[in-house]
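Following: one structure in structure tokens, then a few remarks.
The values are calculated or read from the model by the stated rules, or taken from the named source; none is laboratory data. Just so we're clear, the structure is a prediction, and the values are computed from it rather than from any experiment. In this analysis, Cβ positions are derived from the backbone assuming ideal geometry, glycine residues included, and neighbour counts consider all displayed protein chains. Ligands, DNA and RNA are excluded from the accessible area calculation, which covers all protein heavy atoms including side chains. Shrake-Rupley method; radii C 1.70, N 1.55, O 1.52, S 1.80 Å.
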Protein chains: 2
Amino acid sequence: VHPCGPDSLLASIEAAKRGLIEPVLVGPAGKILRAAEVAGLDLSDYRIVPTEHSHAAAEKAVAMARTGEVEALMKGSLHTDELMGAIVPSATGLRTGRRVSHAFVLDVPTYVKPLIVTDAAINIFPGLKEKVDIVQNAIDLVHALGPEEPRVAILSAVETVNPDIPSTLDAAALCKMADRGQITGGILDGPLAFDNAISEAAAKTKGIDSPVAGKADILLVPDLESGNMLATQLQYLAGADTAGIVLGTRVPIVLTSRADTVRGRLASIAVMALVAHGKRQGAGTTSREGRP
Amino acid sequence: VHPCGPDSLLASIEAAKRGLIEPVLVGPAGKILRAAEVAGLDLSDYRIVPTEHSHAAAEKAVAMARTGEVEALMKGSLHTDELMGAIVPSATGLRTGRRVSHAFVLDVPTYVKPLIVTDAAINIFPGLKEKVDIVQNAIDLVHALGPEEPRVAILSAVETVNPDIPSTLDAAALCKMADRGQITGGILDGPLAFDNAISEAAAKTKGIDSPVAGKADILLVPDLESGNMLATQLQYLAGADTAGIVLGTRVPIVLTSRADTVRGRLASIAVMALVAHGKRQGAGTTSREGRP
């Protein structure tokens, strides 16, 4: 959507060359071609859908996603709010019955497997109802990425239930909802402190008997502030490669930021392609009853 | 305490004859002896601790319980508030770190085992913190009655977690607290509707996979109103024999009501004696860390 900067164009063409996606470039044709020239790219193999300005590009791309003409969206050089503004309206956008949420997929060198952190980008102070959708979106994401049943750690500052710390109460409620089939496809435990979630030794020291402690695939953070600090720290100080994806919409959406490297953009595109493929297979996120 | 009516005197002397208790009759000696005459009882084998009026009887009895001179209290013909007024003050009464709570022990002809309903008499609208103590008090009670690890059903109107129904959230929190060792000695599940709690068939129909459903020993009710209706219904329409006991105090306390039969009073005394015996064995309710 509006790939009028060399970086966003580079990543999508690179992804196309690697067979990850078939790009459809939606935006002002002149600007897109100029960006290609700057980046030294030949666009003759790719479809351009011309629109006037970035606002029109967002509307057109969302309309194409609604009809199934495209199966995922990737933000180019336009403001996030401009793209989300076209996605969010329930009559014309891409919302489903689910809350829209964001997930970071992190490859942390010091952890044995990919780690998903959610929601560190869209939902600021989610309540229990929102957390149900955020967790289910993330579980469905893991199912799109591989065959495993994900282990979900619901993070708080402590691993015990404390009536004065709402995130510990939400954690307990989410676990019981999983017991009752109100959340499906994952193994949940929480509250867990960060150390208990990712280190079996730390969990053992605390005497926590949990199928998730030390083996978490998904970290559900209490709110955006804590989540953002956690994800950014993993990226900058623990050397994690980071992909990001918007979930709970009719099609997966990649919201790149200008700070992203081409490697990071490619990782996000790969995740996006897997989610779109999963939706095509009917294992998608539109129905909570969809999963066996 | 103040056994100046024939009914209360009859029950305690009958319990003494059966070897359940050694009664100490605290109150105005003249009134006690007159009540004995009316009931046709000979009190010459029993100790009377004379006091002036009912208020003084309550204070004296509580003081004797504090020093260990008596190991349980049973309300005679004085008002509940008068006895509780002597029990509740933290400096001179019988409170522990625990919330004081009440449990009915019911022998329901149509249920396979004794059923405990708590709290249907003292705590009106308990919050999560209070429910923790109410559950732990009831679990400790079951341990005093027998060797089994009790199964605790946390009741609500529904068996799923509903963010709009606080009792379902409390239930989830209590279950997680049991997972984390914040509540010990019992197997908890909830929210459960009443039918799921006491009928395995009903639980199966709803697809509930629970170690408690259909096998509950303890029913934790959401509040006093629902609990009172439940307990009274079991007593009057399902033909249950009913004992009642106050827990979370230094010694167990029986609060009989004028409507109680001698049979009911004896049942309460039997439960009281078992709890007092348990406390003597060090498996009591004063320390949450006391149980292995």
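In percent, what relative contact order does the range A:37-152 have, based on Cα pairs under 8 Å that are 6 or more apart in sequence?
15 percent
Using a 10 angstrom Cβ neighbour count of at most 13 plus a DSSP loop assignment to flag exposed GluC sites (Glu not before Pro), which longest range of chain A is free of such sites?
Longest run free of exposed loop sites: A:149-292.
What shape does the range B:96-169 have by the C-alpha gyration tensor, where a ≥ b ≥ c are the square roots of the eigenvalues, rounded means a/c under 1.5, and otherwise prolate means a/b greater than b/c and oblate the rest?
Oblate.
Kindly report, to the nearest 10 Å², the accessible surface of A:HIS2 as traced by a 1.4 Å probe over protein heavy atoms only.
About 10 Å², ignoring ligands and nucleic acids.
Per 20 Å bin from zero, what fraction in whole % of the C-alpha pairs of the protein assembly as shown is there, up to the bin with the longest pair?
Taking all Cα pairs of the protein assembly as shown, the binned fractions are 19, 38, 23, 14, 5, 1 percent.
Taking the label point 7 Å from Cα in the Cβ direction, how far apart in nm is B:GLY68 from each other copy of itself, listed shortest first?
For B:GLY68, the inter-copy label distances come out at 8.0 nm.
In A, who owns the beta-carbon nearest the axis carrying A over to B, and how many Å from it?
In chain A, the Cβ lying nearest the symmetry axis toward B is A:ALA172, 2.
In the protein assembly as shown, what percentage of the DSSP-assigned beta bridges are antiparallel, given to the nearest 5?
Taking every DSSP beta bridge within the protein assembly as shown, about 45 percent pair in antiparallel fashion.
Checking the table A:LYS215/A:LYS279; B:LYS131/B:LYS204; A:LYS131/B:LYS206; A:LYS75/A:LYS279; A:LYS206/B:LYS131; A:LYS204/B:LYS176 against a 22 Å threshold on Cα-Cα, which pairs fail?
Distance filter (> 22 Å) returns A:LYS215/A:LYS279; B:LYS131/B:LYS204; A:LYS131/B:LYS206; A:LYS206/B:LYS131.
For A:MET74, enumerate residues with amide H under 5 Å from its amide H, sequence gap 5+ or separate chain, H modeled in the peptide plane.
Under 5 Å from the amide H of A:MET74: A:VAL254.
Are there trypsin sites (Lys or Arg not before Pro) in the range B:159-265 that DSSP marks as loop and that have at most 11 other Cβ atoms within 10 Å, and which are they?
B:ARG258
At B:LYS17, label 7 Å along Cα→Cβ: distances to the other copies, nm, ascending?
10.2
Using alpha carbons only, how many angstrom separate the centre of the range A:205-278 from the centre of the range B:252-267?
61 Å
Under the Karplus relation 6.51 cos²θ - 1.76 cosθ + 1.60, θ = phi - 60°, what is the ordered set of whole-Hz ³J(HN,Hα) values for the range A:38-52, x standing for Gly and Pro?
4, 7, x, 10, 9, 9, 4, 7, 10, 7, 10, 9, x, 9, 6
Straight-line reach from A:LYS17: which aspartates and glutamates have a Cα under 17 Å away, not including same-chain ones fewer than 8 places off?
The qualifying aspartates and glutamates are A:ASP7, A:ASP42, A:ASP45.
Take the alpha-carbon positions of the range B:1-115, form their convex hull, and give its projected area averaged over all directions (one quarter of the hull surface) in nm².
Value for the range B:1-115: 8.8 nm².
Which whole-number percent of Cα pairs in chain B have a distance greater than 24 Å?
Of the Cα pairs, 50 percent sit more than 24 Å apart.
Give me the percent of DSSP beta bridges within chain A that run antiparallel, rounded to the nearest 5.
45 percent
Starting from the coordinates of the alpha-carbon atoms of the range A:188-288, obtain the Kirkwood hydrodynamic radius over all distinct pairs and give the value in Å to one decimal.
That comes to 15.7 Å for the range A:188-288.
Would you pull out the residues with amide H under 5 Å of B:ASP241's amide H, same chain only if 5 or more places away, H placed 1.01 Å from N?
B:ASP107
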